[in-house]
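Beneath this line is the structure, given in structure tokens, with notes to follow.
The values are calculated or read from the model by the stated rules, or taken from the named source; none is laboratory data. Quick caveat, the model's predicted, so the values are computed rather than measured. Glycine gets a Cβ as well: all are built from the backbone with ideal geometry, and neighbour counts include every protein chain shown.
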Amino acid sequence: MSTKHFLHDPTHLVTASLHSLTLTNPGLALDTANKIVYRRPGYGPAGQRTHIVSGGGSGHEPSFAGMVGPGLLSAAVAGTIFASPGAEQIRAAIMGRVEGHRDAEARGKGGGGGVLVTVMNYTGDVLNFGLAVEKARAVAAAGAGVEVEMVVVGDDVGVGRAKAGKVGRRGIAGTVLVHKISGALAAQGRGLREVAQVARLVAENLVSVGASLEHVHVPGRTKPDVDSAEYLRDGEVEIGMGIHNEQGSSKEEVELPDLVMKMLAQMLDQSDEDRAFLKVNSNEVVLLVNNLGGVSVLEMGGIVTEVVTQLRESYNIRPVRILNGTFMTSLNGLGFSITLLNVVNTDIGGPSMIEMLDYPCEATGWSSPISTRTWEEKITATREQDFSGGGEIRPSGLKMDGATAQQALTRALETVVAVEPEVTRYDTIVGDGDCGIGLKRGAEAILKHLKSYPMSGDAVVDVANIVPIVEKEMDGTSGAIYAIFLNALVASLRSQGQSEASPKVWASALKQSCDALSKYTPAQPGDRTLVDALYPFVDVLAQTGDVKEAARAARAAAEGTKGMKASLGRTVYVGGSGFEQVHDPGAWGLASFFLGLAGISSAIQQV
């Protein structure tokens, strides 16, 4: 659980966050006293008669205030973190911050305008919003207010009927689909009765469940006891956790595939009488995968792929819309939720749920810009035709013993794999920690290639066949350096003519490759890079023709990088005294390769 924050005063934090919305969207205004974000007069469709007001505790951003804008909410009311706003705040939003027409010119078709209040099913929210709605209705009955309807959204299946009791399902991320669809309908000029009808229909056809690796800490509160229920052990996931740190259905140690399987079962297993709230029987299903605030975009992508794959393979469900993003958070919650909307006929004539989901809106919190046309064209064409990059490699006549070379190269690559933890530890201290993994990934890919395509004995052909593997499997700075060097090595080896690939020939070709590499990087020995191990190997090999002596020179140079201050690479930006404690990871990895190539077993011994 992270208890670190930039802003520690929760009151200031909420106000400042709400104010930021008026800075990023000039069409919005803030009633600071009541913590209401609302659309400025004239900002939105001219014919809109029904306006939607929602809200709840802060800490769920971009819901609710981030959903204010044309095509979505007209106003949102914020409470303190994880606490409902008060009834007077809500009444101010309904009565004074939106334009809710009372005209009945279209009562025969959708009713006159008014205000639809949507609220998630939490006791405090339902009571406070309900009180505000009743006050507004009382005024409307006296002929001085607006017509008001209220829809309560409860989509969470994580707790189940037995545990939820009379309270019912909690409202979580599926609520934003209610907002989007009803907001689009309101923007098209529909009356209050129709908008409320569709909002309820959407809510009735939603199921959601969340999971998190950690509970969250609210700024301004004391740190919880590490032995409390708010802490989860490493590898433990709380399935069904609520968005206010509420406990879920279970705590389990599961990997993502099993976690998703359990979550989908809670939503879709009709034999689970405690959770079978909805039978998905529509040909159209919408999937929303929501980031609870603390999951990286990269990891969310992996989660979405797993969810979509399991829906297809286990339930034969192929969602017609897949939404992935941060819609409703639990502060910086390290988790996600899955929502399914069973698309049904709205029975109002006109746009479908999907059309309203795709309807344009303008709100900083709605992060789904893919158009209807793109979804429905279902383009399947690709540009995956094979690109060889240069055709078959011509033999060079530069000969070597293929079996012996393969044995030496295999030994060298296995050494690189073995020293990965050591190199990673070094790079964690002085870099970003990826050097060892990158070297290992490249080494393992080459080893796999060699098993299927043994070395031929033509030096140029064999090196050239390895180059694409390095280019594909090794990324980052070191990957680029190795790729440049090996491409240059192919050309310099071919220039050696038809002869035996002796150590002296290799040394000459390697020296030319070093010269080519120097055109792209200023790195020289003493700069604390992999070049510190490369150049001594090449120089000693040229002088002696002895691979073992050259490898020992590379190892000694790599050892010499300990305490050497970096002049190039990411280590330059890393502060502290780490450079005094460890060798340069790139130089150490390359020196280990050379020692393995020479058959020196001490290559994997830690010093």
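Any residue that is assigned by TED's automatic domain parsing to the domain that holds Ile338 and touching a Cys at 6+ places or on another chain (Cβ under 8 Å) - is there at least one of those in the stretch 211-225? First the steps, then the outcome.
So the first thing to find is which residues in the stretch 211-225 are assigned by TED's automatic domain parsing to the domain that holds Ile338, and the list is 211-225.
Cutting the leftovers down to touching a Cys at 6+ places or on another chain (Cβ under 8 Å) gives us none.
Taking every residue of the stretch 211-225 in turn, none turns out to be assigned by TED's automatic domain parsing to the domain that holds Ile338 and touching a Cys at 6+ places or on another chain (Cβ under 8 Å).
Please work out if Gly55 is surrounded by 23 or more Cβ atoms within 10 Å (Cβ to Cβ), touching a residue at least 24 places away in the same chain (Cβ under 8 Å), touching a helix residue (DSSP H, G or I) at 6+ places or on another chain (Cβ under 8 Å) and in a helix (DSSP H, G or I).
Against the criterion (surrounded by 23 or more Cβ atoms within 10 Å (Cβ to Cβ), touching a residue at least 24 places away in the same chain (Cβ under 8 Å), touching a helix residue (DSSP H, G or I) at 6+ places or on another chain (Cβ under 8 Å) and in a helix (DSSP H, G or I)), Gly55 does not qualify.
Checking the condition under 23 Å from the mean Cα position of the chain (by Cα) and within 23 Å of Leu185 (Cα to Cα), which residue from Val304, Val295, Val320, Val344 passes?
Val320
Can you work out which of the residues in the stretch 7-35 that are assigned to a loop (DSSP other than H, G, I, E, B) and touching a Pro at 6+ places or on another chain (Cβ under 9 Å) is farthest from Leu334 (Cα to Cα)?
Gly27
Just wondering, is there one or more residues in the stretch 450-466 that are surrounded by fewer than 18 Cβ atoms within 10 Å (Cβ to Cβ), more than 15 Å from Leu398 (Cβ to Cβ) and of a type in the set (Lys, Arg)?
Yes, some residue in the stretch 450-466 is surrounded by fewer than 18 Cβ atoms within 10 Å (Cβ to Cβ), more than 15 Å from Leu398 (Cβ to Cβ) and of a type in the set (Lys, Arg).
Would you check if Arg200 is out of contact with any helix residue (DSSP H, G or I) (no Cβ under 8 Å at 6 or more places or on another chain), in a helix (DSSP H, G or I) and either in contact (Cβ under 8 Å) with a residue 60 or more places away in the chain or not β-branched (Val, Ile, Thr) (or both)? Let's see the steps before the verdict.
Working: out of contact with any helix residue (DSSP H, G or I) (no Cβ under 8 Å at 6 or more places or on another chain): yes; in a helix (DSSP H, G or I): yes; either in contact (Cβ under 8 Å) with a residue 60 or more places away in the chain or not β-branched (Val, Ile, Thr) (or both): yes.
Spelling it out, Arg200 is indeed out of contact with any helix residue (DSSP H, G or I) (no Cβ under 8 Å at 6 or more places or on another chain), in a helix (DSSP H, G or I) and either in contact (Cβ under 8 Å) with a residue 60 or more places away in the chain or not β-branched (Val, Ile, Thr) (or both).
Given (1) in contact with a Ser or Thr (Cβ under 9 Å, 6 or more places away or on another chain); (2) part of a loop (DSSP other than H, G, I, E, B), where does Gly210 come up short, assuming only one miss?
With (1) in contact with a Ser or Thr (Cβ under 9 Å, 6 or more places away or on another chain); (2) part of a loop (DSSP other than H, G, I, E, B) applied to Gly210, the lone miss is (2).
For the stretch 73-93, check the following and say yes or no: at least one residue is surrounded by fewer than 22 Cβ atoms within 10 Å (Cβ to Cβ), free of Cβ contacts under 8 Å to residues at least 60 places away in the same chain, more than 15 Å from Gly130 (Cα to Cα) and among the charged types (D, E, K, R).
no
Going by the conditions given, is Leu331 in a loop (DSSP other than H, G, I, E, B) and crowded, with 21+ Cβ neighbours inside 10 Å?
On the way: in a loop (DSSP other than H, G, I, E, B): yes; crowded, with 21+ Cβ neighbours inside 10 Å: yes.
The answer is yes for Leu331.
Taking the criterion of being under 27 Å from Val218 (Cα atoms) and either modelled with pLDDT of 95 or more or of a type outside the set (A, V, I, L, M, F, W, C) (or both), would at least one residue in the stretch 93-107 satisfy it?
Yes; the residues of the stretch 93-107 include at least one that is under 27 Å from Val218 (Cα atoms) and either modelled with pLDDT of 95 or more or of a type outside the set (A, V, I, L, M, F, W, C) (or both).
If a residue has to be in contact (Cβ under 8 Å) with a residue 40 or more places away in the chain and touching an Asp or Glu at 6+ places or on another chain (Cβ under 7 Å) to count, how many in the stretch 466-492 make the cut?
So the count comes out to 1.
Looking for whichever is under 20 Å from Glu214 (Cα atoms) and either touching an Asp or Glu at 6+ places or on another chain (Cβ under 9 Å) or in the same structural domain as Ser58 (by TED's automatic domain parsing) (or both) here; the options are Glu299, Glu313, Glu306. Which one fits? I'd like the intermediate steps shown before the answer.
Values: Glu313 fails: under 20 Å from Glu214 (Cα atoms); Glu306 fails: under 20 Å from Glu214 (Cα atoms).
Sole residue among the options that is under 20 Å from Glu214 (Cα atoms) and either touching an Asp or Glu at 6+ places or on another chain (Cβ under 9 Å) or in the same structural domain as Ser58 (by TED's automatic domain parsing) (or both): Glu299.
Can you confirm whether Asn332 is modelled with pLDDT of 95 or more and either under 30 Å from Lys4 (Cα atoms) or among the β-branched types (Val, Ile, Thr) (or both)? Steps first, please.
Numbers: modelled with pLDDT of 95 or more: no; either under 30 Å from Lys4 (Cα atoms) or among the β-branched types (Val, Ile, Thr) (or both): yes.
When the stated conditions are applied, Asn332 does not pass them.
Can you pull out every residue in the stretch 335-370 that is at pLDDT below 90 and exposed (fewer than 11 other Cβ atoms within 10 Å of the Cβ)?
Selection gives Asp347, Gly349, Pro369.
Hey, can you tell me all the residues within the stretch 152-177 that are of a type outside the set (Lys, Arg) and surrounded by fewer than 23 Cβ atoms within 10 Å (Cβ to Cβ)?
Val152, Gly160, Ala162, Ala164, Gly165, Val167, Gly168
If you go through the stretch 124-138 one residue at a time, do you hit one that is modelled with pLDDT of 85 or more, over 25 Å from Thr326 (Cβ atoms), assigned to a loop (DSSP other than H, G, I, E, B) and of a type outside the set (D, E, K, R)?
No, the stretch 124-138 contains no residue that is modelled with pLDDT of 85 or more, over 25 Å from Thr326 (Cβ atoms), assigned to a loop (DSSP other than H, G, I, E, B) and of a type outside the set (D, E, K, R).
Output the residues belonging to the stretch 500-554 that are part of a loop (DSSP other than H, G, I, E, B) and either in contact (Cβ under 8 Å) with a residue 60 or more places away in the chain or aromatic (Phe, Trp, Tyr) (or both).
Scanning the stretch 500-554 gives Ala501, Tyr520, Leu530.
What pairs come up if the first residue lies in the stretch 162-174 and is assigned by TED's automatic domain parsing to the domain that holds Gly124, the second is hydroxyl-bearing (Ser, Thr, Tyr), and their beta carbons are under 6 Å apart, counting only those six or more places apart or on different chains?
Short answer, once both residue conditions are applied: Ile172/Ser208; Ile172/Ser337; Ala173/Ser208; Ala173/Ser337; Ala173/Thr339; Gly174/Ser208; Gly174/Thr339.
For residues in the stretch 139-180 being among the basic types (Lys, Arg) and within 31 Å of the chain's Cα centre (by Cα), which is modelled with the highest pLDDT?
Lys180
Determine which single condition Thr561 fails, assuming it passes every other condition in (1) in a loop (DSSP other than H, G, I, E, B); (2) crowded, with 22+ Cβ neighbours inside 10 Å; (3) touching a residue at least 40 places away in the same chain (Cβ under 8 Å); (4) on the phi < 0 side of the Ramachandran plot.
(3)
Of everything in the stretch 116-151 that's touching a residue at least 24 places away in the same chain (Cβ under 8 Å) and farther than 19 Å from Ala93 by Cβ, which residue is surrounded by the fewest Cβ atoms within 10 Å (Cβ to Cβ)? Outline the logic, then answer.
To start, the set of residues in the stretch 116-151 that are touching a residue at least 24 places away in the same chain (Cβ under 8 Å) comprises 116-129, 131-133, 135-136, 139-140, 145-151.
From what's left, farther than 19 Å from Ala93 by Cβ: 121, 123.
Values: Asn121: 20, Thr123: 9.
So the residue we want is Thr123.
Under 8 Å between Cβ atoms, at least 6 apart or on separate chains: pull out the pairs that start in the stretch 299-312 with a residue that is surrounded by fewer than 17 Cβ atoms within 10 Å (Cβ to Cβ) and end on any residue that is not in a helix (DSSP H, G or I).
Final answer for the pair search is Gly301/Asn324; Arg312/Arg318.
Taking the stated definitions as given, is Gly47 without any contact (Cβ under 8 Å) to a residue 60 or more places away in the chain and either farther than 19 Å from Trp366 by Cβ or aliphatic (A, V, I, L, M) (or both)?
Judged against the criteria, Gly47 is not a match.
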